[in-house]
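Q: Starting off with a structure, shown below.
The values are calculated or read from the model by the stated rules, or taken from the named source; none is laboratory data. As the structure is a computational prediction, the values presented were derived from the model and not from experiment. Neighbour counts run over all protein chains shown; Cβ positions are idealised from the backbone, glycine included.
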Amino acid sequence: MKLVRRTVAALLAVFLLPSMATAAWWAVSERPSSWRTADWSASGVLPAPLPDAAAIHILAARTGGLKGAFAVHSWIVVKRPGQSGYDRYDKVGWGTPVRRNRYPADGRWYSNDPEIVASLEGPPAAQLIPAVESAIADYPYVRSGDYRIWPGPNSNSFVAHVLRAVPELGAVLPPNAIGRDFAPGWAALSIAPDGRDIHATLAGLAGIAAGARSGLEFHLFGLVAGFDFARPALKIPAYGRLELLRR
């Protein structure tokens, strides 16, 4: 019984308390009452695209309503050499799920400014853009109705699919990108194509990830707790990343 009590106490301390604290902060934060009154305009976090440059950006911003206390919405931005502007790819919960250029490349999401999760520019980006676009095209949940807020597949499941398919991007979604660990079926074990990460999950409800990109993560009901060794940071459920070193 002692082991059970200690396990429950540890789970409460690691997963529940940070989530409750973040929810309390969110409850008193100013935010729009609905999507109609929200600001979806460009935030200016991305530089103006240069005609001959190539770039790949992964962005995320807190979503709206109650779920904004626990989760971000993420998307992919691509800029091909010779292209005049960015292409943005999101998965949403209405109509045809995967959208292209439905919003500004760095648009706010429910009035929340996005953060750049990862960026790759120049020749390395140009080399990977075909692989990124191929992974987008290969995403299996693209029909109307192929969206589930929790545990997935949702917007973060879509971006995580691309990041796993193209590990050269070297990116992992924030710990509060709920749905990023979704996998079909009851149990799944996957090793990154480059062998630098391993991911195991039980229907996206519980699991673990470890490796050079993920660090060490524990997953419970879509929440993520862990530590990033490559870019030292705590991964805190609902809150996100707590950077331990200034960049």
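Q: Determine if segment 131-143 includes at least one residue that is modelled with pLDDT of 95 or more, buried (at least 21 other Cβ atoms within 10 Å of the Cβ) and over 30 Å from residue 20 (Cβ atoms).
A: yes
Q: Here's a check for you: in segment 144-160, which residue that is of a type in the set (Gly, Ala, Ser) and touching a Phe, Trp or Tyr at 6+ places or on another chain (Cβ under 6 Å) is surrounded by the most Cβ atoms within 10 Å (Cβ to Cβ)?
A: If we filter segment 144-160 for residues that are of a type in the set (Gly, Ala, Ser), which is where we start, we get 144-145, 152, 155, 157, 160.
Right, trim to touching a Phe, Trp or Tyr at 6+ places or on another chain (Cβ under 6 Å) and you get 152, 157.
Values: 152: 24, 157: 26.
Ranking the candidates gives 157 first.
Q: How about segment 121-162: which of its residues are in a helix (DSSP H, G or I) and of a type in the set (Phe, Trp, Tyr)?
A: 158
Q: Do we have residue 28 as free of Cβ contacts under 8 Å to residues at least 12 places away in the same chain and either out of contact with any strand residue (DSSP E or B) (no Cβ under 6 Å at 6 or more places or on another chain) or surrounded by fewer than 20 Cβ atoms within 10 Å (Cβ to Cβ) (or both) here?
A: yes
So that you can scan it fast, the table gives a plain yes or no per residue for (1) more than 15 Å from the chain's Cα centre (by Cα); (2) touching a residue at least 60 places away in the same chain (Cβ under 8 Å); (3) assigned to a loop (DSSP other than H, G, I, E, B); (4) closer than 23 Å to residue 142 by Cα:
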residue	(1), (2), (3), (4)
32	yes, yes, yes, no
39	yes, yes, yes, no
46	yes, yes, yes, no
58	no, yes, no, yes
74	no, yes, no, yes
83	yes, no, yes, no
96	yes, no, yes, yes
116	no, yes, no, no
119	no, yes, no, no
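Q: Just to be sure before I move on: is residue 208 of a type in the set (Val, Ile, Thr) and more than 30 Å from residue 54 (Cβ to Cβ) in the structure I sent?
A: Against the criterion (of a type in the set (Val, Ile, Thr) and more than 30 Å from residue 54 (Cβ to Cβ)), residue 208 qualifies.
Q: Could you list all residues from segment 202-213 that are crowded, with 19+ Cβ neighbours inside 10 Å and in contact with a Lys or Arg (Cβ under 8 Å, 6 or more places away or on another chain)?
A: Selection gives 211, 213.
Q: Additional query: With respect to the numbered conditions (1) under 30 Å from residue 121 (Cα atoms); (2) under 20 Å from the mean Cα position of the chain (by Cα); (3) touching a residue at least 40 places away in the same chain (Cβ under 8 Å), which one is the sole condition not fulfilled by residue 87?
A: Against the list (1) under 30 Å from residue 121 (Cα atoms); (2) under 20 Å from the mean Cα position of the chain (by Cα); (3) touching a residue at least 40 places away in the same chain (Cβ under 8 Å), residue 87 comes up short only on (3).
Q: Taking the condition modelled with pLDDT under 95, assigned to a loop (DSSP other than H, G, I, E, B) and not hydrophobic (A, V, I, L, M, F, W, C), does residue 68 pass?
A: no
Q: Now, a different point. Among the residues of segment 165-201, count how many are buried (at least 16 other Cβ atoms within 10 Å of the Cβ), modelled with pLDDT of 90 or more and farther than 22 Å from residue 60 by Cβ.
A: Number of matching residues: 1.
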